[in-house]
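I have placed the structure first, in the form of structure tokens, so that the comments after it can refer back to it.
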Amino acid sequence: MKSALSFAALSRVIIFCLSVLFAQISVAAATWPSDDYDPAIPTLKEVLGYATGERITWAQDVRRYFDALAMAAPERVRIVNYGQTWEGRQLFYVVISSPENIANSAATREGMHALRDPRSTSAARAQSLIKELAPVSWLAYGVHGNEISSTDAAMMTAYHLLASRQDERVADILKNTTVILNPMQNPDGRDRFIHRFESAMGLEPSSDRLSAEHNEPWPSGRTNHYLFDLNRDWFVRSQPETRGHADAVLEWLPVAFVDLHEMGSDSTYYFAPEAVPFNPHLAADQKASLELFGRTNAKWFDSFGIDYFTREVFDAFYPGYGASWPAYFGSVAMTYEQASARGLIVRQYDGVELSYAETVRNHFLTSLATLETVATNREKLLQDFYDYQQTAVSEGREGDVQAYVIPAQNDQNAVDRLGASLAAQGVEVGRATDSFRACGASFGPDSLIINLDQPAKRFLRTLMDKETPMDAAFVTEQERLNDKNLPDEMYDITAWSLPLLLNIESVSCAQRVSVAMEAVAPEVIPVPALPAKASVAYLVPWGERSAVRLLSHALRDGLAVKSSDEPFVHAGTTYPGGSLIIDVADNPADLHTRLVAYVEKTQARVVAVNDSWVTDGPSFGSGKVVRMNAPRVAIAWDEPTSSYSAGNLRFVVERQFDYPVTAIRVQQLREADLARYQVLVLPDSSDGYADALGEAGIARIRDWVDRGGVLISLARATRLLADPAADFLASRREYRLETLPEESDVDSSEARVAGTALDAEAFAMATESREAEPDGIGGAQLLATVDADHWLAAGVAPQLHVLARNSDVYTPLRFDDGVNVATFADADSVLASGHLWERNRRQLAHKPFVMARKLGQGRVVAFTQDPTVRAYQEGLNVILANAIFRGAAHARPLR
């Protein structure tokens, strides 16, 4: 239903001050009728010059308005800066409550942390806190920059809370809850959207979806500077926007957290309860409380005649959303979704025009309804929060898994990064100070120990377990839908085990581990012993991201670096293939000083050696030792690349490897002279590169490879390399695995065919598509095995875990056509975690993940899945770095 109330009938509606805009639309966006506002609190129009809903507010103007509110009501408003975006925009949140609650905010935080740990807070003390505290209600807006309405709704929510003199709820809200608004989680993306929208707008806003103002160019405003979906980054913490936001949430520990979004323009409004499947590590009280919030929202939507839906599409399974991550610390976490105007007005499929003002109003209504629910149920939500912690600790003491041990291992840097990241998210992690035995095995010093008798137990189980099971009935229903060639209902990835993403060993223990250990500090990575001064060389063991970073700094500083294709033994120590050799004689006199600085910055291990005698494997001067050059790296940019893949790739190379890249638009690659570049990486692309590059562009790239370039493809970009018209690789993309007998095909050229008798199985065969795409893979972790004899595998673990998100399958290369450097495991072992359709499981077995070929003087490397997805897969960093740096070292251009 749409509101039929006219603006004239709501003359007392001051909240949105939308008189100019409402005169232009047929349906008024009713907000809060018959209210009276304090003139001492500035309206949006008084500060920014326009009423709410008339324009989409720029990031800097959002801050201007909140600064004005804070100046007008300093005893009720606090603004807290929590970081900066990559592009330098300020990140902040706003605290609004009664003067008493604002003055006591430190005590509120301390009280919530006391409730968080029932091991040190008695039941009596907990009950006292439950009666006293004004808990936090956290409303987070605008995580996707082109989902625009929620940020303007945040400003109106703040205005209403400070200025309303007739809404009886407001006094109760300010007394019983501490309101925190994060009005703009992604200001870089928001301003990108607004700039393009205003550039495309004409004399008046257009509701036609064909209009340029409704069609964003690449990349859209959804993502941040590095084109990350910030709503998938919460437990990975790769981006400053999510890292700072998550730290702030952990500081305050809200009892309710809402992430307000937008969705397709033809929808209505979505709020909790979420759709199935729920993550099994959520507590029953949390799921039950979703209905409290949903019913309050529904009450107000009913009063305004606004349509909505619940329990569809948006699930609570994946733990990395903004609306799921806080749940693992005891919050009731929810997503709200408003149909987007993607501008100031849009025509929906039924001809009804949806205004920006209406979308702002709807988010404003649910914001207030959420705060009303917390204020009304304050003690219940606090009690549930405390109970959540108690049951988490109890389950950790009594469950089938009571501890994790992450052994000290070859990729110790990954182990240390995991410990520091978990500690930053409120997890108690210990580092063993000596060798010990536990869980029926022996472990060395620097192993990590995580006992589960702690409040973060559920968070740990969902991130550290190899498998997070989905509800069996839900999976059965998805299999039924898949069998009928209907879309499944899996909203995001189904596997995210951190040990698998890092490709490190983790041991689950059935009992608590009690050994000598020291606490791991948040975000602190131990620095290895600094190297002594060497007379001959410095060796850097390969196989860790820290070594990749050191190589980057050395190459950027112009140092001479070599790398061994094979393992070698020096002074009784075995160094893996790929290990770096930095000769003293070939480098500046301050080499030692530089390397010490690199170690402190990168945490790489560096060993000083005073002789070059190798007892096994290649000597330092062997032909199996290559000189590492500083390659100029280009990546394809703009259409038709996937913006996510292009951004993720750029982030991994620039921020995880510390190496610069040059982004070149695909249209320029058609005619570009790539002679200055040694490496070109093609990110994932759903549309393919063949048409965008054209025959001439493909020929230019092939000629560049022939002359010594290194061409790397990620995921569906491999379609170009395997296309016989391009012929970079002799592999070919497969159709879906078919189970049909040859005689089941019908000659469609004949007007009539022979009669048949079908049973159910024959009917299924008769209706199955021919030459179809393999079934989609939403996100499962697959096991791949590595051919250690190839230079691309130097320092790479024998087995890799690969997050598969596209369904492309390729034929293996023959021996005379190249090397299958990494191939997926057999059908019984290929699925390491998550959900995979049975047909995919059988078809993917023994198919390539990484292929390599020598082409002329250059090299071609193809990844059939994207190793940079969301910067999750740090366990694939080394093989990607090998493709870039060792690929350039093995190519033979004319230098």
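The values are calculated or read from the model by the stated rules, or taken from the named source; none is laboratory data. All values derive from a computational prediction rather than experimental measurement. All Cβ positions, glycine included, derive from the backbone under ideal geometry; neighbour counts span all protein chains shown. Side chains included, ligands, DNA and RNA excluded: accessible areas come from the protein's heavy atoms. Shrake-Rupley method; radii C 1.70, N 1.55, O 1.52, S 1.80 Å.
So here's what we get for this one:
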{"item": "Count of region 565-611 residues which are in a loop (DSSP other than H, G, I, E, B) and open to solvent by 60 Å² or more (accessible area, probe 1.4 Å)", "result": "11"}
{"item": "One residue from Asp266, Asp307, Asp247 being assigned to a loop (DSSP other than H, G, I, E, B), among the charged types (D, E, K, R), in contact with a helix residue (DSSP H, G or I) (Cβ under 9 Å, 6 or more places away or on another chain) and at pLDDT 95 or above", "result": "Asp307"}
{"item": "Verdict on Leu227 being at positive phi and open to solvent by less than 10 Å² (accessible area, probe 1.4 Å)", "result": "yes"}
{"item": "Residue check, Ala283 among the aliphatic types (A, V, I, L, M), open to solvent by 10 Å² or more (accessible area, probe 1.4 Å), touching a helix residue (DSSP H, G or I) at 6+ places or on another chain (Cβ under 7 Å) and over 30 Å from Glu654 (Cα atoms)", "result": "yes"}
{"item": "Members of region 612-640 that are of a type in the set (Gly, Ala, Ser), open to solvent by 30 Å² or more (accessible area, probe 1.4 Å) and farther than 15 Å from Ala881 by Cα", "result": "Ser612, Gly617, Ser619, Gly621, Ser622, Gly623"}
{"item": "Selection within region 43-59 - more than 18 Å from Met201 (Cβ to Cβ) and touching a residue at least 60 places away in the same chain (Cβ under 8 Å)", "result": "Thr43, Leu44, Thr52, Ala59"}
{"item": "Matching residues in region 310-334 - criterion: being surrounded by fewer than 24 Cβ atoms within 10 Å (Cβ to Cβ) and part of a strand (DSSP E or B)", "result": "Asp315"}
{"item": "Qualifying residue in region 408-423 (condition: open to solvent by 20 Å² or more (accessible area, probe 1.4 Å), more than 18 Å from Leu500 (Cα to Cα) and at pLDDT 95 or above)", "result": "no"}
{"item": "Odd one out for Trp234, checked against (1) farther than 30 Å from Gly351 by Cα; (2) in a helix (DSSP H, G or I); (3) open to solvent by less than 10 Å² (accessible area, probe 1.4 Å)", "result": "(2)"}
{"item": "Verdict on Asp826 being charged (D, E, K, R) and out of contact with any helix residue (DSSP H, G or I) (no Cβ under 6 Å at 6 or more places or on another chain)", "result": "yes"}
{"item": "Residue in region 767-783 that is touching a residue at least 40 places away in the same chain (Cβ under 8 Å), surrounded by 19 or more Cβ atoms within 10 Å (Cβ to Cβ), of a type in the set (S, T, N, Q) and not in a loop (DSSP other than H, G, I, E, B) present", "result": "yes"}
{"item": "Within region 153-197, tally of residues that are basic (Lys, Arg) and surrounded by fewer than 21 Cβ atoms within 10 Å (Cβ to Cβ)", "result": "4"}
{"item": "Residue check, Asp350 acidic (Asp, Glu) and outside any helix (DSSP H, G or I)", "result": "yes"}
{"item": "Only one of Ala107, Ala126 that is among the small types (Gly, Ala, Ser), free of Cβ contacts under 8 Å to residues at least 24 places away in the same chain, over 29 Å from Asn186 (Cα atoms) and part of a helix (DSSP H, G or I)", "result": "Ala107"}
{"item": "Of all residues making up region 644-674, the number that are open to solvent by 30 Å² or more (accessible area, probe 1.4 Å), of a type in the set (Gly, Ala, Ser) and touching a residue at least 40 places away in the same chain (Cβ under 8 Å)", "result": "0"}
{"item": "Count of residues meeting criterion [farther than 17 Å from Ala316 by Cα, open to solvent by 60 Å² or more (accessible area, probe 1.4 Å) and part of a loop (DSSP other than H, G, I, E, B)] in region 462-509", "result": "6"}
{"item": "Conditions (1) part of a helix (DSSP H, G or I); (2) closer than 22 Å to His363 by Cβ; (3) polar (S, T, N, Q): number failed by Thr57", "result": "(1)"}
{"item": "Options Tyr689, Tyr677: the member that is within 36 Å of the chain's Cα centre (by Cα) and open to solvent by 10 Å² or more (accessible area, probe 1.4 Å)", "result": "Tyr677"}
{"item": "Which listed residue is modelled with pLDDT of 95 or more, out of contact with any His (no Cβ under 8 Å at 6 or more places or on another chain), among the aliphatic types (A, V, I, L, M) and open to solvent by 60 Å² or more (accessible area, probe 1.4 Å), from Ala212, Ala200", "result": "Ala212"}
{"item": "First in region 186-209 and touching a residue at least 24 places away in the same chain (Cβ under 8 Å), second anywhere and in a loop (DSSP other than H, G, I, E, B) and among the basic types (Lys, Arg), Cβ under 7 Å, 6 or more apart", "result": "Pro187/Arg89; Asp188/Arg89; Gly189/Arg222"}
{"item": "Positions within region 692-707 being surrounded by fewer than 19 Cβ atoms within 10 Å (Cβ to Cβ) and either under 21 Å from Asn882 (Cα atoms) or among the aromatic types (Phe, Trp, Tyr) (or both), in sequence order", "result": "Asp706, Arg707"}
{"item": "All positions within region 619-640 that are out of contact with any His (no Cβ under 7 Å at 6 or more places or on another chain) and not in a loop (DSSP other than H, G, I, E, B)", "result": "Val625, Arg627, Met628, Val633, Ala634, Ile635, Ala636, Trp637"}
{"item": "From Glu353, Glu358, residue being surrounded by fewer than 24 Cβ atoms within 10 Å (Cβ to Cβ) and at pLDDT 95 or above", "result": "Glu353"}
